[in-house]
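Written below as structure tokens is the structure these notes are about.
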Amino acid sequence: MGKKKSGTGAWSADPRDALRAHPDFDLFQMDRGGTPGWEDDKGAAKKFGAQRGGLLSELQERLYAEGRTGGSRSLLVIVQGLDTAGKGGVARHVMSKVDPQGVALRSFGPPTEEEQRHHFLWRIEKELPAPGLIGVFDRSHYEDVLVARVDELVAPEVWEERYDEINDFEADLVAGGTTVVKVALMISHDEQGMRLMKRLDRPDKHWKYSASDLSTRRRWDDYQDAYADVFRRTSTDVAPWYVVPADHKWYARVAITEILTQTLIDLDPKWPSVRWDPMVQRRELAQTLSTRALADSLSETDEQVEKSIKSNREVQKRAARASKVGDGSDPVADADATAREAEAYAAAAAAMADQQRTRRQKAEFLAERDGT
Ligand code: AMP
Ligand code: MG
């Protein structure tokens, strides 16, 4: 019997709903080998994730364009998890789907001497994503209520106050236009042990191992308690936590890809409108072109404009389809998808009218040349 070929699969629930840490969330009951919202297999997940690449990168490019033209929105993705949970892999994997120019990846290690002299949020503030960018944090200010608490780097009354400070800090960020997505990769004790052993077994992975990983592992229960408090005290309405079972790397990856895609769909970044008139600019540019180049340009007008119509309609259609997760029985999501499709058709109609104007204008330029 041949191996069963995987289909593309689909989410049975938006992972943002399936993984969100609500007040009643219980970390100790969570199955870390689970795949909430995904009932298909690994092969299907990989295919689905790969298909999301095009949509994710188009949405990211729009956000970037918006940021370059006066927009103030940005996206901050905070990735937390213990050693070997897959933080670096997720950052690399997800970010490989978008233009590197639009992403800023930052890892936070033990604070330097200078950083220690400042408030714990000082080094974080310096690394926040500029408008239009997606910032990815591999570890973050949450270490200041995780390792700082477990290793007793500061007194309990110090870390105790930090939860509220973090909530205030993130609320300000969100108010300023940054969408904050927090994902925690949670692996089981056994899985971490196996992954650490693999690092020891493979010389090419030795560089990832640190002798201190073992002392951290010995404090497993304290870390779990500290993580449980993070979810209990800092999963807010404006900046919720998504707790991702991470024993299956393929699940963690496809889940985070989907969380980001859906977040960007909701942000709905649009191509910026410009302040100059293309008709005026085109006339000036035409004066610098030879008659031959002008004729060539006229003949490729349709092709250029059709490309932009196509990419616009494609992104709208994919966004519509992507927001229709589940069985399509959600009337709000359906109405939203229909509205997006209508918007896409209106945009296409406007672009076609524009195409005709462009063609006419170029033909006029050529006629003027003939006349001289
Ligand atoms: P890695 O992510 O494997 O490169 O390791 C980074 C190390 O930096 C981990 O052991 C973290 O616990 C440590 N670290 C990160 N942030 C802090 C912090 N605020 N205070 C103390 N240690 C930290
Ligand atoms: Mg490490």
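The values are calculated or read from the model by the stated rules, or taken from the named source; none is laboratory data. Since we're looking at a predicted model, the values are computed, not measured. Quick reminder, even Gly has a Cβ in these numbers, built from the backbone with ideal geometry, and neighbours come from all protein chains shown. Side chains are part of the model used for accessible areas, which takes the heavy atoms of the whole protein and leaves out ligands, DNA and RNA. Shrake-Rupley method; radii C 1.70, N 1.55, O 1.52, S 1.80 Å.
Taking θ as phi - 60°, what are the ³J(HN,Hα) couplings along the stretch 58-67 by the Karplus curve (6.51, -1.76, 1.60), each to the nearest whole Hz, with x for Gly and Pro?
5, 5, 5, 5, 5, 4, 4, 4, 4, x
Which far-off residues, 5 or more places away or on another chain, put their amide H under 5 Å from the one on SER107, with H placed in the peptide plane?
It is ASP138, by chain and number.
In whole Hz, with x marking every Gly and Pro, tabulate ³J(HN,Hα) for the stretch 236-242 from phi via Karplus 6.51 cos²θ - 1.76 cosθ + 1.60, θ = phi - 60°.
Karplus values, whole Hz, x for Gly and Pro: 9, 5, 7, 9, x, 8, 10.
Provide the packing ranking of 116-123, 138-145, 67-74, i.e. peptides ordered by the mean count of other C-beta atoms within 10 Å per residue, highest first. Can you show the working numbers first?
On the way: 116-123: 13.9, 138-145: 21.0, 67-74: 16.1.
By packing density, highest mean first, the sequence is 138-145, 67-74, 116-123.
Sorted by mean Cβ packing within 10 Å, highest first, what order do the peptides 28-38, 44-54 take?
The packing order, highest mean first, is 44-54, 28-38.
Which shape class, rounded, prolate or oblate, goes with the stretch 47-119 when its Cα gyration tensor gives a ≥ b ≥ c as root eigenvalues, a/c under 1.5 marks rounded, and past that a/b bigger than b/c marks prolate?
Details: a/c = 3.35, a/b = 1.35, b/c = 2.49.
Oblate, because a/c is 1.5 or more while a/b does not exceed b/c.
From the backbone phi of the stretch 75-91, what are the Karplus-calculated ³J(HN,Hα) couplings (6.51 cos²θ - 1.76 cosθ + 1.60, θ = phi - 60°) in whole Hz, Gly and Pro given as x?
With the stated coefficients, the stretch 75-91 comes to 10, 10, 10, 9, 10, 10, x, 6, 3, 6, 5, x, 4, x, x, 5, 4 Hz.
Given H placed 1.01 Å from N in the peptide plane, which residues other than close sequence neighbours of MET186 have an amide H under 5 Å from its amide H?
Here the answer is VAL244, ALA246, since their amide H atoms fall under 5 Å of that of MET186.
Which value in Å does the Kirkwood hydrodynamic radius of the chain take, with 1/r averaged over all unlike C-alpha pairs and then inverted? Please report the intermediate quantities before stating the final value.
Values: mean 1/r = 0.0426 Å⁻¹.
For the chain, the Kirkwood estimate is 23.5 Å.
Could you work out the helix-only [θ] at 222 nm for the chain, with each DSSP H run of four or more residues adding -39,500 (n - 2.57) and the total divided by the number of residues, to the nearest 500 deg cm²/dmol?
Calculated from helices alone, the mean residue ellipticity at 222 nm is -18000 deg cm²/dmol.
Just the number, please: carbon plus sulfur as a percent of the accessible area of the chain, 1.4 Å probe, no ligands or DNA/RNA counted.
51
Counting only residues 5 or more places away or on other chains, whose amide H sits under 5 Å from the amide H of THR179 once H atoms are built in the peptide plane?
Counting only residues 5 or more places away or on other chains, the set is SER74, LEU75, LEU76.
Would any residue of the stretch 147-184 have its amide N under 13 Å from a label point 7 Å out along Cα→Cβ of GLN116? List them or say none.
Answer for the stretch 147-184: 153-154.
For ASP201 paired with GLN304, estimate the spin-label separation in nm (one decimal), with each label point 7 Å from Cα along the Cα-to-Cβ line.
5.8
Which order do the peptides 97-109, 76-88, 282-294, 260-272 come out in when sorted by mean C-beta neighbours inside 10 angstrom, highest first? Could you put the intermediate results ahead of the total?
Working: 97-109: 15.8, 76-88: 22.5, 282-294: 12.0, 260-272: 17.8.
In descending order of packing, they fall as 76-88, 260-272, 97-109, 282-294.
Could you state the angle between the C-alpha long axis of helix 189-201 and the longest principal axis of the C-alpha atoms of the chain, as a value from 0 to 90 degrees rounded to the nearest 10?
Taking the Cα atoms of the chain, the angle to 189-201 is about 80 degrees.
Using r as the Cβ-Cβ distance of GLU314 and MET279, and R0 as 30 Å, what FRET efficiency do you calculate, to the nearest 0.05?
Once the sixth-power term is evaluated, E becomes 0.65.
Set the Förster radius R0 to 30 Å, insert the Cβ-Cβ distance between VAL174 and ALA339 as r into 1/(1 + (r/R0)^6), and round the FRET efficiency to 0.05.
E(calc), rounded to 0.05, equals 0.75.
What relative contact order, as a whole-number percentage, does the stretch 278-370 give when Cα pairs under 8 Å and 6 or more residues apart are counted?
Rounded, it is 43 percent for the stretch 278-370.
What is the distance in Å between the Cα centroid of the stretch 102-172 and that of the stretch 222-290?
Cα centroid to Cα centroid, the span is 21 Å.
May I ask you to give the solvent-accessible area per residue for the chain, in square angstrom, as obtained with a 1.4 angstrom probe?
On the way: 19710 Å² over 372 residues.
That works out to 53 Å² per residue.
Taking the Cα atoms only, what angle lies between the long axis of helix 220-234 and the longest principal axis of the chain, rounded to 10 degrees?
50
Around PRO272, under 11 Å between beta carbons, what's the net of Lys plus Arg minus Asp minus Glu among the other residues?
Details: positive: ARG62, ARG68, LYS270, ARG275; negative: GLU66.
Result for the neighbourhood of PRO272: +3.
Which whole-number percentage describes the relative contact order of the chain, with Cα contacts under 8 Å and a sequence gap of 6 or more?
Dividing the mean separation by the residue count of the chain yields 24 percent.
Distances longer than 23 Å among the Cα atoms of the stretch 278-370: what percent of all pairs is that?
Distances greater than 23 Å cover 43 percent of the Cα pairs.
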